[in-house]
Amino acid sequence: MQLRRHLLTARTAWALLAALLVTGCTTQPVTGPPRAAAFNATDTAWIQLMIPMNERARLLTDLAPSRTKDPALVALAARTGTRLEEELAGLRGLLDLSGVPDTRPHEGHDMPGMVGLGTLARAEKTTGKEFERILTDGLRAHLAQSRTLCASEQTSGGAREAKDLAAAIAGNAGRELDRIGTSPRP
């Protein structure tokens with residue numbers, strides 16, 4: 001009786017092992033493309049450009065509390081800085097999801113709408129009205145270019161997640177531009 005039970009247990013174990021080996025070695029059905037495959041060249045180019053643009057704008061907003069006494073501008077910089085950080089988290093998440101390595105192809109560049117390194121250096125050395133002009137002009141250019149880039153992403157991007165984030169960023173940029181206004185500060 002014990003021998004019979006032992007043989008049954010051994011046979012069952014071998015049958016289970018064989019079934020696992022067979023199913024583990026066969027192609028499993030795929031219900032859709034991997035998420036990384038949904039990202040096209042427009043998506044990755046947009047993500048790789050928006051990350052340094054937002055990082056630079058964030059550096060500028062961080063200077064506001066120590067460079068201006070205007071409470072409205074300090075509040076604008078704080079609100080914009082928080083939004084930029086949220087967008088950066090989303091952009092970095094998309095970059096991870098896309099499977100594209102973070103090669104930082106725009107590191108050190110000064111591109112349209114990107115707060116330039118020279119602008120940041122000037123902003124670090126100024127206060128009052130001069131800083132306020134640098135801040136608002138820099139944010140205005142950043143926000144306008146962000147909207148333009150986001151519109152391109154929404155038109156030509158492939159990944160739904162990227163297009164959705166582009167729509168959110170464009171909406172945020174439009175609202176902030178309305179708050180800043182179009183006229184330069186004195």
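If each of SER152 and ARG92 carries a label point 7 Å out from its Cα toward its Cβ, how far apart are those two points in nm?
Rounded to a tenth, the inter-label distance reads 2.5 nm.
May I ask for the Kirkwood hydrodynamic radius of the range 32-135, worked out over all distinct Cα pairs and given in angstroms to one decimal? All intermediate terms of the calculation are to be shown ahead of the outcome.
Details: mean 1/r = 0.0667 Å⁻¹.
Over the range 32-135, the inverse of the mean reciprocal pair distance is 15.0 Å.
ALA72 versus ASP164, label points 7 Å from Cα toward the beta carbon: distance in nm?
Distance between label points: 3.6 nm.
For the range 118-186 and the range 34-74, what is the centre-to-centre distance using only Cα atoms, to the nearest Å?
With the range 118-186 and the range 34-74 each reduced to a Cα centre, they are spaced 9 Å.
Treating the range 109-176 as a set of equal point scatterers at the Cα positions, no solvent, please give the Debye-formula log₁₀ I(q)/I(0) at q = 0.13, 0.23 Å⁻¹.
With one equal scatterer per Cα and no solvent, log10 I(q)/I(0) is -0.44, -0.92.
What part of the accessible area of the range 48-141, given as a whole %, is carbon or sulfur when the probe is 1.4 angstrom? If you can, show how the numbers build up before the last one.
On the way: 2520 of 4370 Å².
Carbon and sulfur: 58 percent of the exposed surface of the range 48-141.
The values are calculated or read from the model by the stated rules, or taken from the named source; none is laboratory data. A quick note: this is a predicted structure, and the numbers were derived from the prediction, not measured. In this analysis, Cβ positions are derived from the backbone assuming ideal geometry, glycine residues included, and neighbour counts consider all displayed protein chains. Quick note on the areas: whole protein, heavy atoms, side chains included, nothing else; ligands and nucleic acids left out. Shrake-Rupley method; radii C 1.70, N 1.55, O 1.52, S 1.80 Å.
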